[in-house]
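> First the structure, which I've put down as structure tokens, then a few questions once you've had a look.
Read-outs: derived from the displayed coordinates by stated rules, not from any lab. Remember, predicted model here, so these are calculated numbers, not experimental data. Virtual Cβ from ideal backbone geometry, glycine too; neighbours counted across all protein chains shown.
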Amino acid sequence: MELFLQHNSSESLRGHALSVEAVMRHYARLFGDDEEKWGIIGLVHDIDYERFPEQHCRKSVEILTEAGWPPEYIHAVVSHGWGICSEVEPTERMEKVLYAVDELTGLVKASALMRPSRSVLDIEASSVKKKWKDARFAAGVNRSVIEKGAAMMGVEIGELITQTIAGMRTVAAEIGLAGAPAQA
């Protein structure tokens with residue numbers, strides 16, 4: 001987090017980083033993998049975005065190399081921009097998850113904010129899927145990247161959304177999406 005904050009001051013970018021970190025940790029637990037590694041990569045995946053949006057992913061290499069990060073971590077971070085701002089293809093399971101959930105966390109957040117509760121704690125995948133169909137809703141979210149990521153992971157979009165929500169729920173308060181869930 002310290003390294004991330006050295007390069008970013010935007011509260012929305014910090015919230016996005018925390019969301020992606022939480023979802024990555026969630027998936028690492030599901031797969032019985034290294035939760036710390038997955039989480040850290042999720043946290044720093046946009047480390048260069050605030051200062052260098054035109055050089056996104058390319059500046060990440062410099063920043064993380066200078067900080068002494070392992071090449072496999074750097075590869076994972078850069079692979080999330082594959083086909084957009086990077087030629088590094090996600091090949092490892094962790095990289096494919098990062099690629100798939102990066103954009104999706106934004107769609108889940110936008111969908112949650114439209115609810116009366118303004119919370120991720122009471123949203124379901126079906127609500128996000130309804131918003132998915134409206135291209136004007138959260139227009140900046142690249143749905144084709146999410147679809148491509150889900151295909152690389154071998155999961156249906158609904159399952160990807162469900163697991164992304166589950167991960168984001170673990171940090172609902174930190175990302176401003178704890179709201180006041182509706183009573184059942």
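> Extending each Cα 7 Å along its Cβ direction at Thr162 and Glu50, get the distance between those two points in nm, one decimal.
3.6
> If you don't mind, another one. Using Cα pairs closer than 8 Å and at least 6 residues apart in sequence, work out the relative contact order for region 2-169, in percent.
It comes to 23 percent, rounded to a whole number.
> Please report how many Lys pairs in the chain have alpha carbons closer than 15 angstrom, counting only residues at least 8 apart along the chain or sitting on separate chains.
Lysine pairs, 8 or more places apart or on different chains, close enough: 5.
> Moving on. For the chain, find the longest principal axis of its Cα atoms and tell me its angle to the long axis of helix 35-44, 0 to 90°, nearest 10.
So the inclination is approximately 80 degrees.
> Under the rule of -39500 (n - 2.57) per DSSP H run of 4 or more residues, summed and divided by the residues of the chain, what mean residue ellipticity at 222 nm is obtained, to the nearest 500 deg cm²/dmol?
On the way: 9 runs with 108 residues, N = 184.
Calculated at 222 nm, the ellipticity per residue is -18000 deg cm²/dmol.
> Further, regarding this structure: Pairing the Cα long axis of helix 93-113 with the longest principal axis of the chain, what angle in degrees results, from 0 to 90 and rounded to the nearest 10?
The angle comes out near 40 degrees.
> Mind checking the alpha-carbon convex hull of region 2-169 and giving the volume per residue in Å³? Display every interim value, and only then the final one.
Details: hull volume 18.4 nm³, N = 168.
Per residue, the Cα convex hull of region 2-169 comes to 109 Å³.
> Which shape class applies to region 48-93: rounded if a/c is under 1.5, otherwise prolate when a/b exceeds b/c and oblate if not, where a ≥ b ≥ c are the square roots of the Cα gyration tensor eigenvalues?
Because a/c hits 1.5 or more and a/b fails to exceed b/c, region 48-93 counts as oblate.
> Relative to the present Cα-Cα distance, how much length would full extension add between Leu3 and Ala139 at 0.36 nm per residue of separation?
46.0 nm
> Same structure, new question: Would you please give the FRET efficiency between Ser10 and Glu87, computed as 1/(1 + (r/R0)^6) with r the Cβ-Cβ distance and R0 = 30 Å, to the nearest 0.05?
Numbers: r = 26 Å, r/R0 = 0.88.
After rounding to 0.05, the efficiency reads 0.70.
> Same structure, new question: If packing is taken as the mean number of other Cβ atoms within 10 Å per residue, what is the order of 79-88, 57-66, highest first?
Put in order of decreasing packing, that is 79-88, 57-66.
> Here's a follow-up. Listing Ser19, Ser9, Ser119, Ser127 from the residue with the fewest other Cβ atoms within 10 Å to the one with the most, what is the order?
So the residues, fewest neighbours to most, are Ser9, Ser127, Ser119, Ser19.
> Let me ask something else about it. Helix 143-153 versus the longest principal axis of the chain: what is the Cα-based angle in degrees, 0 to 90, to the nearest 10?
The two axes meet at around 70 degrees.
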